[in-house]
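As structure tokens, the structure follows; a few thoughts come after it.
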Amino acid sequence: MKNKVVLGIERIDEYQELFKNKRVGLITNPTGIASDFTSSIDILNQKTKLIGLFSPEHGVRASIQAGLPLDTYVDEETGITVYSLYGSNKKPSKEIMDKLDIMSIDIQDNGSRYYTFIYTMAYAMQACKEYDKEFVVFDRPNPIGCSHVEGTPLDIEHYRSFVGYYNIPQRHGLTIGELALLFNEEFGIGCKLTVIPMLNYTRDMYFEDTNLPWVIPTPNQPTVASTVCYNATCIFEGTNFAEGRGTTTPFELIGAPWVNSERLARELNNYHLEGVYFRPQYFTPTFSKYKDELCGGVYVHITDRDKFNAMKTSLVLLHHIRSNYKEFKINAPYVAGRPSLFEFEAGLKEIIDDSISLEEQFKILEENSLKFKELRKKYLLYV
């Protein structure tokens, strides 16, 4: 058995000089804990001058569903003011930043380009640059491992958003600390950045290998399995095809009322994708799309994580369903005149329009993945 991973937050005593006499802000949620379950909020409250908490999507206590707004409030447990970094105030203001010397982050990323937490970090880093503050990342594992890189390009000129702010692959294969280093250098943020790295962490680790407690990062990713599946099925968020919200296995389950489960499973298994099996599954969501309606669909069983390519699977699912089910539709934009959520997440016109063959899509996927793998090399903190 491998040694238990030592988290960045657990190494704070080694970095006391960095925090000495500094006013500290912390971006976090319930995933910000040490291995003994002590909250990072409590650790910083004890060992630094913690004066502000900053909330990403879902809130500091992860009590708010996807997309719902947040406001400034006082945390009942600590009495510390919580500032929202979601919605219209993604970047902390000068008024707030003037109260700080250091902005820090301790939060569980899920390893995906779609995840809003990493862009909350990017906006905070931009504010640190703008107002001459320091930024500190307490590093954490990438729950789906750092060995695999899979993804298509993001056209940021047309499809930049809070679910894809920088042109990185959907499965980037970096820890949040490594992402911060890459964001800071490759995308020109240029803030004063310190990453407090983990100990005993290796790139091949999935979360179960770390011997750390799993805390649900967001309400609809309850398990490591749902996180591994996420990059394969998240693309359906912006369509009329359910991605499993409202069930106990979100993102492992997809379908719609007009789907015959047996037929869809048979069709998808005929692609012979490695490391995954599609089992017929009927389900009735308790909220979100098709609430209280019986849906036909498939359960995505990952049979071999090392062979499973989430993004290749995503391209197959999307291409097949939109080509063979006339009922399939892309949802309208949230804001008229802007791209839709589907377009923001797909990020590339050829995929949005489905205007090229699957084989051509696979070629784009492979070339882009290899290109990013090369780019990220100088930012890797672990072997």
key: Residue that is nearest to the chain's Cα centre (by Cα) [pool: residues in region 301-330 that are open to solvent by 60 Å² or more (accessible area, probe 1.4 Å), farther than 19 Å from GLN281 by Cβ and not charged (D, E, K, R)]   = ILE330
query = Hey, among the residues in region 289-300 that are under 15 Å from THR233 (Cα atoms) and among the hydrophobic types (A, V, I, L, M, F, W, C), which one's surrounded by the most Cβ atoms within 10 Å (Cβ to Cβ)?
reply = VAL300
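Determine which member of the set THR286, THR249 is open to solvent by 40 Å² or more (accessible area, probe 1.4 Å) and farther than 22 Å from GLY164 by Cα.
Matching residue, one of THR286, THR249: THR286.
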note = With criteria (1) closer than 27 Å to LYS94 by Cβ; (2) crowded, with 20+ Cβ neighbours inside 10 Å; (3) of a type outside the set (A, V, I, L, M, F, W, C); (4) in contact (Cβ under 8 Å) with a residue 60 or more places away in the chain, TYR15 comes up short on (2)
query = For region 331-347, which residues satisfy the criterion of being surrounded by fewer than 19 Cβ atoms within 10 Å (Cβ to Cβ) and hydrophobic (A, V, I, L, M, F, W, C)?
reply = ALA332, VAL335, ALA336
key: Filtered residues of region 219-234 (kept if open to solvent by 10 Å² or more (accessible area, probe 1.4 Å), of a type outside the set (A, V, I, L, M) and either in contact with a Gly (Cβ under 6 Å, 6 or more places away or on another chain) or assigned to a helix (DSSP H, G or I) (or both))   = TYR230
request  = Kindly indicate the residue of region 36-61 that is surrounded by fewer than 18 Cβ atoms within 10 Å (Cβ to Cβ) and in a loop (DSSP other than H, G, I, E, B) and also modelled with the lowest pLDDT among those meeting that condition.
outcome  = ARG61
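Specify the residue that is surrounded by the fewest Cβ atoms within 10 Å (Cβ to Cβ); the eligible residues are those in region 235-246 that are touching a helix residue (DSSP H, G or I) at 6+ places or on another chain (Cβ under 9 Å) and either polar (S, T, N, Q) or not in a helix (DSSP H, G or I) (or both).
Within region 235-246, the match that is surrounded by the fewest Cβ atoms within 10 Å (Cβ to Cβ) is ARG245.
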key: All positions within region 244-275 that are without any contact (Cβ under 8 Å) to a residue 12 or more places away in the chain and either within 15 Å of LEU318 (Cα to Cα) or not charged (D, E, K, R) (or both)   = ASN269, ASN270, HIS272
query = If you take the residues of region 102-134 that are open to solvent by 40 Å² or more (accessible area, probe 1.4 Å) and not in a helix (DSSP H, G or I), which of them is nearest to GLU150 (Cα to Cα)?
reply = GLU134
query = What number of residues within region 260-313 satisfy the criterion of being assigned to a helix (DSSP H, G or I) and touching a Leu at 6+ places or on another chain (Cβ under 9 Å)?
reply = 4
ask   = Restricting the first residue to region 354-373 and requiring it to be surrounded by 15 or more Cβ atoms within 10 Å (Cβ to Cβ), which pairs with a second residue that is among the polar types (S, T, N, Q) and assigned to a loop (DSSP other than H, G, I, E, B) meet a Cβ separation below 7 Å and a spacing of at least six or different chains?
value = ILE364/THR152; LEU365/THR152; ASN368/THR152
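Yes or no: region 123-145 includes at least one residue that is at pLDDT below 95, under 30 Å from ASP306 (Cβ atoms) and among the β-branched types (Val, Ile, Thr).
Step one: filter region 123-145 for residues at pLDDT below 95, giving none.
Looking for residues that are at pLDDT below 95, under 30 Å from ASP306 (Cβ atoms) and among the β-branched types (Val, Ile, Thr), one finds none in region 123-145, hence no.
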request  = With respect to LEU182, determine if the residue is assigned to a strand (DSSP E or B) and touching a Phe, Trp or Tyr at 6+ places or on another chain (Cβ under 6 Å).
outcome  = no
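The values are calculated or read from the model by the stated rules, or taken from the named source; none is laboratory data. The shown structure was predicted, so the numbers you read here are calculated from the model rather than taken from an experiment. Reconstructed Cβ throughout: ideal geometry from the backbone, glycine too, with neighbour counts over all protein chains shown. Surface accessibility is based on the protein's heavy atoms, side chains included, excluding ligands, DNA and RNA. Shrake-Rupley method; radii C 1.70, N 1.55, O 1.52, S 1.80 Å.
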